[in-house]
Amino acid sequence: MKILIRDETLSGKITQEFRLELDTSGITIRELIRSRVYEDVKAFNSNGSIPYMGLVQPRAEELLLNPVRSNGVAKKDPAEQVDLALKAFDKNGFLLLINNKQYTDPDETVRLQPDATISFIKLVPLVGG
C-alpha cells in the first residue's frame, strides 16, 4: 500500500511530498517514522546530487565532523538518522498528523487506509531557546 507523505511548515506550506510503500495497514507511529527516515536516507545515499531533506537536518558541527564522499556530500547512516528522528519526535522537534489528527505516542498503533495523508510538520527552534 502506498501512502502520501508530506513535509509541511507551521503555516501549511508543503515543502516536500512523496509516496511511501508500506507492507501493512496496521503500524506503530515509531515504525512509520522509521520507514519514512529509511526512505529519506535511501534516496539521498543513492543520489548524492540531491540535498538531504530528512526529518532532522544536521547541525554545522556534524557536517564538519562527518566524512564526505568524493562528490563532497556525506553519506547518511539510516539507523543513526532513525535514532535522531525518534529523539526529535519525543522532544517535539516535529509534529506528526495522519489525516489531520495529531499523534504523540510513538508506540500507538494506527490503521492506515490507502488514501491516508501523513504530515510531518517541522518545528523551527526559537533563537536562544
Just give me the residues in region 72-86 being at pLDDT below 90 and crowded, with 16+ Cβ neighbours inside 10 Å, in sequence order.
-> V73, A74, K76
What number of residues in region 5-27 are part of a strand (DSSP E or B) and over 13 Å from I118 (Cα atoms)?
-> 2
From the options V68, V127, residue that is modelled with pLDDT under 65, part of a loop (DSSP other than H, G, I, E, B) and more than 19 Å from T9 (Cα to Cα) | V68
Which numbered condition F44 misses (of (1) part of a helix (DSSP H, G or I); (2) at pLDDT 90 or above; (3) among the aromatic types (F, W, Y)) = (2)
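The values are calculated or read from the model by the stated rules, or taken from the named source; none is laboratory data. Predicted model, so just to flag it, every value in this text is computed and none were measured. So basically every Cβ, Gly included, is an ideal-geometry build from the backbone, and we count neighbours across all protein chains shown.
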